[in-house]
Amino acid sequence: MKDYPLLDNLMGGYFNQDADLITGSTELEGMIDYYLQGASKNLLRNLISEMDDFQTAYSDDLDKAFCERYPGDLDMSPVGEFFDVFRRRIQTVLGQD
């Protein structure tokens with residue numbers, strides 16, 4: 001299985017069963033904003049690349065592959081929509097250069 005270290009960190013460190021306690025939000029957008037506050041623009045560019053790679057590699061059943069890789073974490077189904085929301089938020093941050 002290919003490595004996705006930034007996705008692994010994102011899901012294990014931020015979007016897990018304690019996400020509301022870690023981020024101070026119960027809403028996806030608030031959780032994303034919390035993550036974005038501490039992330040460098042280079043990291044965010046690389047995260048988009050990992051999301052793209054993961055989505056391409058598992059295009060046959062993205063939700064299943066994501067749930068198998070990140071069991072017990074928050075339910076992000078449909079994962080394609082989760083990635084799209086996250087990408088848009090990242091693009092907003094990157095556009096503020």
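Can you pull out every residue in the range 44-68 that is more than 13 Å from the chain's Cα centre (by Cα) and either of a type in the set (Lys, Arg) or in a loop (DSSP other than H, G, I, E, B) (or both)?
If the condition is that a residue be more than 13 Å from the chain's Cα centre (by Cα) and either of a type in the set (Lys, Arg) or in a loop (DSSP other than H, G, I, E, B) (or both), then Tyr58, Ser59, Asp60, Asp61, Lys64 are the ones that fit.
Would you be able to say whether some residue in the range 21-33 is free of Cβ contacts under 8 Å to residues at least 12 places away in the same chain and among the β-branched types (Val, Ile, Thr)?
Scanning the range 21-33, I find at least one residue that is free of Cβ contacts under 8 Å to residues at least 12 places away in the same chain and among the β-branched types (Val, Ile, Thr), so the answer is yes.
What pairs come out if I take residues in the range 38-57 that are within 16 Å of Val85 (Cα to Cα) and pair them with residues that are among the hydroxyl-bearing types (Ser, Thr, Tyr) and surrounded by 13 or more Cβ atoms within 10 Å (Cβ to Cβ) whose C-beta lies under 9 Å away, six or more apart or interchain?
Glu50/Tyr4; Met51/Tyr4; Phe54/Tyr4
Looking only at the range 1-35, which residues are more than 21 Å from Cys67 (Cα to Cα) and buried (at least 18 other Cβ atoms within 10 Å of the Cβ)?
The answer is Thr23, and nothing else.
Collect the residues in the range 64-97 that are loosely packed, with under 13 Cβ neighbours inside 10 Å, among the acidic types (Asp, Glu) and farther than 17 Å from Leu36 by Cβ, keeping them in residue-number order.
Correct list: Glu68, Asp75, Glu81.
If you go through the range 54-63 one residue at a time, how many are charged (D, E, K, R) and either crowded, with 16+ Cβ neighbours inside 10 Å or under 15 Å from Met11 (Cβ atoms) (or both)?
Qualifying residue count, the range 54-63: 1.
Does Ile90 satisfy the condition of being under 11 Å from the mean Cα position of the chain (by Cα), of a type in the set (Val, Ile, Thr) and in a helix (DSSP H, G or I)?
It is true that Ile90 is under 11 Å from the mean Cα position of the chain (by Cα), of a type in the set (Val, Ile, Thr) and in a helix (DSSP H, G or I).
Every read-out reported here was derived from the displayed coordinates using simple, explicitly stated rules and does not represent laboratory data. Just so we're clear, the structure is a prediction, and the values are computed from it rather than from any experiment. Positions of Cβ are generated from backbone atoms using ideal geometry, with glycine treated the same way; all protein chains shown enter the neighbour counts.
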